[in-house]
Amino acid sequence: MFQIIIKIFSLVIISVLITPFIRKLAFVLGAVDNPNARRVNKKPMPTIGGLGIFVSFNIGEFVLLRSQFPTHELFSILLASSVILLTGLIDDILELKPKQKMLGIFIAALIIYFLAGIRVNEISLPFMSPINLSWWSLPITVFWILALTNAVNLIDGLDGLATGVSMISLSTMGIVGFFFLHGWQNYVPLMCIMLATCLLGFLPYNFHPAKIFLGDTGALYIGFMISILSLKGLKNVTFISLLVPIIILGVPLTDTIFAMIRRKLNKKPITVADKHHLHHQLMRMGLSHRQTVLAIYGISLLFSFISLVFISSPAWGIWPLMIGLLFALELFVETIGLLGDRFKPLLHFIQNYINKMHRSDPQVGISHFSTKKDEHKN
């Protein structure tokens, strides 16, 4: 175990040493992110940082800790993740259309399902007999991979944001795998920790002010690996094992889900990008680039802690926790305006309720819910 720990942390050094070479390679290949209306960078920035993470992680798997992993699954994951990496590289250099990127992820998901055999087989909900998913197993598995891969890609909007949030999520998944979800095979949490240490080595180059971006090469690869590692714990889904990875990945999933809702409410295509993501809204509230990233790290740590509370809670405590989490999440989302300035149903309900109390009892005060961004509407 001591030797394994040493080898895991040596991946930090490997990642630190590889990244400068990847940075130079990005300029050679033309994988450079130029400033535009949607970007926060003020100068051309090399991308494909994820290539260094991919190389570091696979050195760990195939060289340092080869004996810890089953051969067939290891090579199947390598093939699928290579498809993802190639998709990201092409996008960072030539810029693919959203449908083309989705096709790459879809092909990789099929490799995971049919070749690696990583899939959701059945689901067990409270007070119900286990449900065999049968042919539903394929679409549910593919949807899970597509959703999580794109969720991580969507939050990659600030220096170090996706890297840090993913590192926190992977570390939590590793802890859960080692101590709580005994159905996980031992090598799965090991892979989570290995990938987290590779991200730790990359983070100094990616944190504000960044010297290199993850690019779609990195964001898609990290999201894809998180999706299949979480799937290993979902082979036979229970209510808790379904909730835990969703809560751990609360930041990217929340941002993705509310981005889709926001675009629908504004009658815009889901694939059309905007500047109303979580990090954009926090910066509009007055936070600096670095403060915004650190704030989202804090939110991610909070989600990770809540996931551990869920696992250790008795059965009767799960529903109150879930209701409280959803209420707090909706309140937070509406307060920062993640759905836009007009769509704040919970805040409006609370405001109307207080108004009624004020009319019946003048001693009850009332103030209008607003934020700085209400004063500076786009």
| said: Kindly evaluate Ile53 against the criterion of being at positive phi and hydrophobic (A, V, I, L, M, F, W, C). | reply: no
Checked Ile323, Ile306, Ile366, Ile299 against criteria (at pLDDT 75 or above and more than 23 Å from Leu154 (Cβ to Cβ)); the one match is Ile323
Note: among Val237, Val244, Val272, just one is of a type in the set (Val, Ile, Thr), at pLDDT below 80 and assigned to a helix (DSSP H, G or I), namely Val244
Those residues of segment 326-348 which are of a type in the set (Gly, Ala, Ser), surrounded by 13 or more Cβ atoms within 10 Å (Cβ to Cβ) and modelled with pLDDT of 75 or more amount to Gly337
Counting only residues that are of a type in the set (S, T, N, Q) and out of contact with any helix residue (DSSP H, G or I) (no Cβ under 7 Å at 6 or more places or on another chain), segment 272-330 contains a total of 3
Is it the case that segment 203-224 has a residue that's more than 30 Å from Pro44 (Cα to Cα), at pLDDT 90 or above and touching a Phe, Trp or Tyr at 6+ places or on another chain (Cβ under 8 Å)?
no
Does Ala151 satisfy the condition of being under 26 Å from His72 (Cα atoms), among the small types (Gly, Ala, Ser) and in contact (Cβ under 8 Å) with a residue 12 or more places away in the chain?
no
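For every residue, the table says whether it meets (1) under 19 Å from Lys232 (Cα atoms); (2) at pLDDT below 90; (3) crowded, with 18+ Cβ neighbours inside 10 Å.
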site: Ala80; (1), (2), (3): yes, no, yes
site: Asp91; (1), (2), (3): no, no, yes
site: Ile112; (1), (2), (3): yes, no, yes
site: Val120; (1), (2), (3): yes, yes, yes
site: Ile131; (1), (2), (3): yes, yes, no
Given the conditions (1) surrounded by fewer than 18 Cβ atoms within 10 Å (Cβ to Cβ); (2) touching a residue at least 12 places away in the same chain (Cβ under 8 Å), every one holds for Leu85 apart from (1)
Within segment 300-356, restricting to residues that are part of a loop (DSSP other than H, G, I, E, B) and without any contact (Cβ under 8 Å) to a residue 24 or more places away in the chain, the one that is nearest to Lys267 (Cα to Cα) is Arg342
Within segment 254-297, the count of residues that are open to solvent by 30 Å² or more (accessible area, probe 1.4 Å) and either hydrophobic (A, V, I, L, M, F, W, C) or free of Cβ contacts under 8 Å to residues at least 40 places away in the same chain (or both) comes to 18
| message | Gly52 - would you say it is out of contact with any His (no Cβ under 7 Å at 6 or more places or on another chain), at pLDDT 90 or above and under 30 Å from Val272 (Cα atoms)? | response | yes
Sole miss for Ile107 among (1) of a type in the set (A, V, I, L, M, F, W, C); (2) modelled with pLDDT of 95 or more; (3) under 29 Å from Leu203 (Cβ atoms) is condition (3)
Taking segment 249-269 and keeping only residues that are modelled with pLDDT of 85 or more and either in a loop (DSSP other than H, G, I, E, B) or farther than 21 Å from Glu330 by Cβ (or both), one is left with Leu249
Could you check, for segment 189-212, whether at least one of its residues is open to solvent by less than 30 Å² (accessible area, probe 1.4 Å), under 30 Å from Asn34 (Cβ atoms) and either of a type in the set (Val, Ile, Thr) or over 19 Å from the mean Cα position of the chain (by Cα) (or both)?
-> yes
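The values are calculated or read from the model by the stated rules, or taken from the named source; none is laboratory data. All of these numbers come straight from a predicted model, not from anything done at the bench. Cβ atoms come from the backbone with ideal geometry, glycine included; neighbour counts cover every protein chain shown. For the accessible areas, the whole protein counts, side chains as well, though only heavy atoms, and no ligand, DNA or RNA atoms are used. Shrake-Rupley method; radii C 1.70, N 1.55, O 1.52, S 1.80 Å.
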